[in-house]
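Colleague: Take this structure, written in structure tokens, and hold onto it; I'll ask about it next.
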Amino acid sequence: MTTPTPRFRGTDTYLSGESLQAAVDCALTLQRPLLVKGEPGTGKTLLAEAISSALGLRLIPWHVKSTTRAQDGLYLYDTVQRLYDSRFGDGDVKDIRRYIRLGPLGEAFASRERVVLLIDEVDKADLEFPNDLLHELDRMRFRIQETNDEVVATQRPVVVITSNNEKELPDAFLRRCVFHFIDFPDTELMRRIVAVHHPGLDEALTEQALKVFYELRGFSRLRKRPSTSELIDWIAVLKANGLKSLKLDENLPYLGALLKKEQDLLAVAEAFGRGRRTRA
């Protein structure tokens, strides 16, 4: 009898809409990578943590940089450590296997149990990286050239790939992924998110904070609009200082928790304080 595919319904701390749940379920059923896009602060990276928690699987994170290659995700041969040991150590430097370090992708393949592999900000790497990455995910095996050992996966990992949309991804890469764009939470969902992080928060303060937050996000002169995590932090500061009343004006407190660029702070100060700096 075929084991039913597990279904994702979010967690107690990660609230998800039906469309996101459907995308995760689709990726789990097809056993394909889930490519998630959305503006910063919409929970792309946290989604992998939520899937890991919901399915009871270990999470292996791989944070991509501009210099990252697919090969780096498989393994690295630590020649520096071997050279050091040959000069100062007392180990057997002839055993090259001691100096092979599995990368996140290699670790996911070598795991006997199914894991969740997060490939975070794939669009930071060069244009060849996405297709090279999917080539390795399709093969599910690789050979360590220095030892001639072959690592063959016994379980296909649950792969979550995030992108900040900084560059276009190859069509061949997109065809082999399940895609979902995470919309920024509307007021009702954000109210629920705030309740998760700040249970028992004064209702009036919640409503005023949300009103100010979305007014700021709608301010066209901002270069970086505040995100969900910044709202949560801002409310934490408001609570800690016993504030009960808010309105968007030149006296808006702790604005530096919401806006992270000097130009944005000045723009708000000019718009609502006739050129005076808003208190950060």
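The values are calculated or read from the model by the stated rules, or taken from the named source; none is laboratory data. What you see is a predicted model; the values in this text were computed from it and never measured. FYI the Cβ positions are ideal-geometry reconstructions off the backbone, even for glycines, and counts take in every protein chain you see.
Colleague: Mind listing just one residue for me: the one in region 249-280 that is in a loop (DSSP other than H, G, I, E, B), assigned by TED's automatic domain parsing to the domain that holds Gln208 and aliphatic (A, V, I, L, M) and, of those, modelled with the lowest pLDDT?
Modeller: Leu252
Colleague: For region 167-190, enumerate the residues that are surrounded by fewer than 17 Cβ atoms within 10 Å (Cβ to Cβ), touching a helix residue (DSSP H, G or I) at 6+ places or on another chain (Cβ under 7 Å) and in a helix (DSSP H, G or I).
Modeller: Within region 167-190, Ala172, Thr187 qualify.
Colleague: Next up: Search region 74-100 for residues being among the basic types (Lys, Arg) and in contact with a helix residue (DSSP H, G or I) (Cβ under 9 Å, 6 or more places away or on another chain), and hand back the single one that is modelled with the lowest pLDDT.
Modeller: Here the answer is Arg82.
Let's see how each residue does on (1) modelled with pLDDT under 95; (2) within 23 Å of the chain's Cα centre (by Cα); (3) outside any loop (DSSP other than H, G, I, E, B):
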| position | (1), (2), (3) |
| --- | --- |
| Leu118 | no, yes, yes |
| Asp123 | yes, yes, yes |
| Pro130 | yes, yes, yes |
| Glu136 | yes, yes, yes |
| Thr147 | yes, no, no |
| Val160 | no, yes, yes |
| Asn165 | yes, yes, no |
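Colleague: Here's something else I'd like to know. Within the set of pairs 6+ apart or on separate chains, which have a first residue in region 166-186 that is under 21 Å from Leu133 (Cα atoms), a second that is surrounded by fewer than 17 Cβ atoms within 10 Å (Cβ to Cβ) and polar (S, T, N, Q), and C-beta atoms under 8 Å apart?
Modeller: Pro170/Asn131; Ala172/Asn131; Phe173/Asn131; His180/Ser19
Colleague: Determine which member of the set Thr11, Thr42, Thr67, Thr5 is in contact with a Pro (Cβ under 9 Å, 6 or more places away or on another chain) and in a loop (DSSP other than H, G, I, E, B).
Modeller: Numbers: Thr11 fails: in contact with a Pro (Cβ under 9 Å, 6 or more places away or on another chain); Thr67 fails: in contact with a Pro (Cβ under 9 Å, 6 or more places away or on another chain); Thr5 fails: in contact with a Pro (Cβ under 9 Å, 6 or more places away or on another chain).
From the options Thr11, Thr42, Thr67, Thr5, the qualifying one is Thr42.
Colleague: Can you name every residue in region 16-39 that is touching a strand residue (DSSP E or B) at 6+ places or on another chain (Cβ under 9 Å), farther than 20 Å from Arg156 by Cα and assigned to a loop (DSSP other than H, G, I, E, B)?
Modeller: Gly38
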